[in-house]
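Participant: The structure is given below, and queries will be raised subsequently.
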Amino acid sequence: MAGFLLPRNIFTRLDATSTTRKVPQLLGRVQVNQYPLYQKPSTNSEVLSELGKDQIYRITGTTMGEDNLSPNRVWYQLDDAGYAHSRYIQPVRMVFNSPVLTIPENGCLGEITVPYVDAFSSLETNRALVYRFYYASTFWAIGVSADNQGVIWYQLLDDRNYAKFYIPAYSLRMVPKEELTALSPLVPYEDKKMVVNLDHQTLVAYEGEHIVKKLRISSGIRMAEGGFATPRGTYRTTRKRPCRHMYAPPSEIGTGFDLPGVPWVSYFTVDGVALHGTYWHNDYGAPHSHGCINLSPEAAKWVYRWTTPNVPHDQYYHADDRGTRITIE
């Protein structure tokens, strides 16, 4: 029952080329501490153990729970043993990357491709660990360096404090230009629209009257005093960026957050409410956010590419009044 827990030095012991020969094993990263592992896919089942945050297990099965009223009925079998609800299990893979030794002058976008990697303040011997970055988070790479042992590291922009993060190069995939091009670019921007239904926690994308995508979301958590409810109304995705360090201090109505590398951000209000990818929960269909619309990283990337304006591949921020309409009901 110890599962497939990865020791901290596992990345130095695996063959970095082996994962490129076939699709890597689907893994599950535990996103919270003391997460219950059940004998069966039911909260009424026996609890076998409690899982710790950032432990990694093989996902060896997926099934639907018996609670028909739950907005998320997906359970994962871990290591052919017990079952954990998918709510706080992030599906991840472990893919190592060959270093890119030249970074464009304006920087370029990268995506984390391992379950997690620790980020440091510098390459000095007394460097401090500042964050842990997670699978599918995105960052703007601005440089490449080697430490005194010859290990290649990327320099990443902290777009909140305008400092630098340093991570080993194997953990970051440079996103190619073709993955940043617009989807349905010939459709006039006025013919694209999204409708979000907060009661059903869904997003439907239209081209004219034709539905092109249906997605599950996690909207803001409603509270008696107002709290973090996602605002209703009609807006436009006028500002976009492929990555963002999101931060808010604790307040009288809730805890704060400090989330570097939030992927595929499409803002639709002037005060920063956005559609974006999420790596801190996997519970789409139930409200979770501080007002934004959470999507899986894959879904958020589709929205980012499909909506207008299109962000040029060499920019990490772009704004245009001709954004895609989004109606929140």
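The values are calculated or read from the model by the stated rules, or taken from the named source; none is laboratory data. Computed from a predicted model, the values in this text were never measured in an experiment. Cβ sites come from the backbone with ideal geometry, for glycine too, and all protein chains shown count toward neighbours.
Participant: If PRO287 passes every condition in (1) at pLDDT 95 or above; (2) farther than 19 Å from CYS243 by Cβ; (3) buried (at least 17 other Cβ atoms within 10 Å of the Cβ) but one, which one does it miss?
Facilitator: All conditions are met except number (1).
Participant: May I pose another question? If I go through the stretch 138-175 residue by residue, how many of them are free of Cβ contacts under 8 Å to residues at least 12 places away in the same chain and under 19 Å from GLU105 (Cα atoms)?
Facilitator: Final tally of qualifying residues: 2.
Participant: Among the listed residues TYR57, TYR76, identify the single one that is of a type in the set (Ser, Thr, Tyr), out of contact with any Ser or Thr (no Cβ under 6 Å at 6 or more places or on another chain), surrounded by 21 or more Cβ atoms within 10 Å (Cβ to Cβ) and outside the structural domain of TYR170 (by TED's automatic domain parsing).
Facilitator: The unique qualifying residue is TYR57.
Participant: Sticking with this structure for a sec: I'm told GLY110 meets every condition in (1) farther than 30 Å from GLU178 by Cα; (2) of a type in the set (Gly, Ala, Ser); (3) part of a strand (DSSP E or B) except one. Can you identify the failing condition by its number?
Facilitator: Only one criterion in (1) farther than 30 Å from GLU178 by Cα; (2) of a type in the set (Gly, Ala, Ser); (3) part of a strand (DSSP E or B) is unmet by GLY110, namely (1).
Participant: I'd like to know if the stretch 73-85 contains one or more residues that are closer than 22 Å to SER137 by Cβ and among the polar types (S, T, N, Q).
Facilitator: no
Participant: For the stretch 127-172, name all the residues that are β-branched (Val, Ile, Thr) and either buried (at least 19 other Cβ atoms within 10 Å of the Cβ) or modelled with pLDDT under 95 (or both).
Facilitator: Correct list: THR138, VAL151, ILE167.
Participant: Check the stretch 236-258 and report whether any residue there is more than 22 Å from VAL175 (Cβ to Cβ), over 20 Å from the mean Cα position of the chain (by Cα) and aromatic (Phe, Trp, Tyr).
Facilitator: So far as the stretch 236-258 goes, no, none of its residues is more than 22 Å from VAL175 (Cβ to Cβ), over 20 Å from the mean Cα position of the chain (by Cα) and aromatic (Phe, Trp, Tyr).
Participant: Please work out which one of (1) over 16 Å from VAL30 (Cα atoms); (2) touching a residue at least 40 places away in the same chain (Cβ under 8 Å); (3) not in a loop (DSSP other than H, G, I, E, B) is the condition VAL100 fails and give its number.
Facilitator: Tallying (1) over 16 Å from VAL30 (Cα atoms); (2) touching a residue at least 40 places away in the same chain (Cβ under 8 Å); (3) not in a loop (DSSP other than H, G, I, E, B), VAL100 fails exactly one: (3).
Participant: From the residues in the stretch 1-45 that are exposed (fewer than 12 other Cβ atoms within 10 Å of the Cβ) and modelled with pLDDT of 50 or more, which one is nearest to the chain's Cα centre (by Cα)?
Facilitator: Top of the filtered list is VAL23.
Participant: In the stretch 79-94, which residues are within 22 Å of the chain's Cα centre (by Cα), crowded, with 18+ Cβ neighbours inside 10 Å and in a loop (DSSP other than H, G, I, E, B)?
Facilitator: MET94
Participant: Check every one of the strands (runs of 3 or more DSSP E) wholly within the stretch 131-202 and list those with 2 or more residues that are farther than 30 Å from SER70 by Cβ and touching a Leu at 6+ places or on another chain (Cβ under 9 Å).
Facilitator: 138-146, 152-158, 163-168, 172-174
Participant: Looking only at the stretch 291-305, count how many residues are crowded, with 20+ Cβ neighbours inside 10 Å and closer than 22 Å to ARG232 by Cα.
Facilitator: The number of residues fulfilling the criteria is 9.
Participant: Could you tell me whether any residue of the stretch 203-223 is at pLDDT below 95 and part of a loop (DSSP other than H, G, I, E, B)?
Facilitator: Yes, some residue in the stretch 203-223 is at pLDDT below 95 and part of a loop (DSSP other than H, G, I, E, B).
Participant: Further question: Which one of GLY52, GLY65, GLY61 is over 25 Å from ALA169 (Cβ atoms) and modelled with pLDDT under 95?
Facilitator: Criteria check complete, one pass: GLY65.
Participant: Only one residue in LEU69, LEU48 is free of Cβ contacts under 8 Å to residues at least 60 places away in the same chain, assigned to a strand (DSSP E or B) and either closer than 24 Å to ARG29 by Cβ or not assigned by TED's automatic domain parsing to the domain that holds ALA163 (or both), so which one is that?
Facilitator: LEU48
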